[in-house]
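S.K.: Have a look at this one.
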Amino acid sequence: MERTRRYTIESLDTGLRLIQLFLAHDRLTVSEAAALLSVGRSTAHRVLSTLEGRGFAVRDSSGRGYAAGPELVRLGLPAGFGAATRRRLGAVLDEAARRTGETVQSAALVGDQIIVMDGRESPHPVRATLELGRTRPAHATAGGKLLLSSLTEEQVRALYPGEELPGYTSATLTTRSALLAELALVRSRGYAVSRGESVPGLHTVAVPLAGSSRRDRLALVASGPADRGEDGVLLRRAEELRRSVVLLDVT
């Protein structure tokens, strides 16, 4: 242990410890970082500025705090991959599938993509196919927009540095401005929808499933064909998903 300490590069060690803090804190001010790291404010500021320059941190809208940047977001492995998490959420997926009658899945955000962690398929002959481990563009999916809405505007802008976004169908949001406006709506109503934005004819709705920090947040998504997914149905489906999530409080 003593040999390891002799060869420690203090500034690098401070930077790595600060990166670790972003795994548990959505935002950090210079003063908070300094206190948690037991270093001076000037040291914390220099390290944060260095991380910002490399894309591992971004400033929030106040200009006084920092949040995880796109490089750190891409490096983080979603906590939902763990077997224990899958077991804990299994009852919620079972209940959500029963309530909605549609294919349901849990999804996590990795960079600008979402990845399907687990799910249950609908019993309907015509249904959304469950593809575990499949990634899809976050800005074109209900689960992706739900999880993006939990990020700061600065983090979203860092993930999408250009105004133009790739389109996958005629319904896809293809500008960052439109995406930011949609995310504001998602935050206000507490759920997200996608009407054929990723796959033509597929309508989806998503609500928060689990997690309090960026790394362990998951979305609960229900997907079905457009003829079973008009706006009124999607709203009711969001309520059914929320009722299913309540199971986490009693398991």
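The values are calculated or read from the model by the stated rules, or taken from the named source; none is laboratory data. Since we're looking at a predicted model, the values are computed, not measured. For neighbour counting, all protein chains shown are included, and Cβ atoms are generated from backbone atoms with ideal geometry for every residue, glycine included. Protein only, heavy atoms only, side chains kept; ligands, DNA and RNA dropped before computing areas. Shrake-Rupley method; radii C 1.70, N 1.55, O 1.52, S 1.80 Å.
Let's see how each residue does on (1) modelled with pLDDT of 85 or more; (2) small (Gly, Ala, Ser); (3) more than 17 Å from Glu154 (Cβ to Cβ):
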| site | (1), (2), (3) |
| --- | --- |
| Ile9 | yes, no, yes |
| Leu12 | yes, no, yes |
| Arg17 | yes, no, yes |
| His25 | no, no, no |
| Val30 | yes, no, no |
| Arg41 | yes, no, yes |
| His45 | yes, no, yes |
| Ser62 | no, yes, no |
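S.K.: Now a separate question. Looking at the stretch 183-225 only, could you name the residues that are open to solvent by 50 Å² or more (accessible area, probe 1.4 Å), more than 22 Å from Asp249 (Cα to Cα) and part of a loop (DSSP other than H, G, I, E, B)?
M.R.: Pro200
S.K.: Every residue in the stretch 227-239 that is open to solvent by less than 40 Å² (accessible area, probe 1.4 Å) and over 30 Å from Arg27 (Cα atoms), please.
M.R.: Gly229, Gly232, Val233, Leu234, Arg237
S.K.: Next question, about the same structure. Suppose we filter the stretch 89-117 for residues that are without any contact (Cβ under 8 Å) to a residue 40 or more places away in the chain and open to solvent by 70 Å² or more (accessible area, probe 1.4 Å); how many remain?
M.R.: Going through the stretch 89-117 one residue at a time, the tally reaches 2.
S.K.: Could I ask something else about it? I'd like to verify a number: residues in the stretch 139-165 that are closer than 28 Å to Arg237 by Cα, open to solvent by 30 Å² or more (accessible area, probe 1.4 Å) and not acidic (Asp, Glu), how many?
M.R.: 1
S.K.: Identify, by number, the condition in (1) at pLDDT below 90; (2) surrounded by 13 or more Cβ atoms within 10 Å (Cβ to Cβ) that Leu77 doesn't meet.
M.R.: Of (1) at pLDDT below 90; (2) surrounded by 13 or more Cβ atoms within 10 Å (Cβ to Cβ), only one is false for Leu77: (2).
S.K.: Check Arg136, Arg120, Arg86 and return the single one that is touching a residue at least 40 places away in the same chain (Cβ under 8 Å) and either open to solvent by 70 Å² or more (accessible area, probe 1.4 Å) or among the basic types (Lys, Arg) (or both).
M.R.: Arg136
S.K.: Looking at the stretch 47-57 only, could you name the residues that are surrounded by 13 or more Cβ atoms within 10 Å (Cβ to Cβ) and either touching a strand residue (DSSP E or B) at 6+ places or on another chain (Cβ under 8 Å) or free of Cβ contacts under 8 Å to residues at least 12 places away in the same chain (or both)?
M.R.: Leu48, Ser49, Leu51, Glu52, Phe56, Ala57
S.K.: Kindly indicate whether any position in the stretch 34-43 is within 25 Å of Leu147 (Cβ to Cβ) and either small (Gly, Ala, Ser) or surrounded by fewer than 17 Cβ atoms within 10 Å (Cβ to Cβ) (or both).
M.R.: No, there is no match, as no residue in the stretch 34-43 is within 25 Å of Leu147 (Cβ to Cβ) and either small (Gly, Ala, Ser) or surrounded by fewer than 17 Cβ atoms within 10 Å (Cβ to Cβ) (or both).
S.K.: Could I ask something else about it? Among the residues of the stretch 226-241, write down those that are over 24 Å from the mean Cα position of the chain (by Cα) and either in contact (Cβ under 8 Å) with a residue 40 or more places away in the chain or in a helix (DSSP H, G or I) (or both).
M.R.: Answer for the stretch 226-241, where residues must be over 24 Å from the mean Cα position of the chain (by Cα) and either in contact (Cβ under 8 Å) with a residue 40 or more places away in the chain or in a helix (DSSP H, G or I) (or both): Ala226, Asp227, Arg228, Gly232, Val233.
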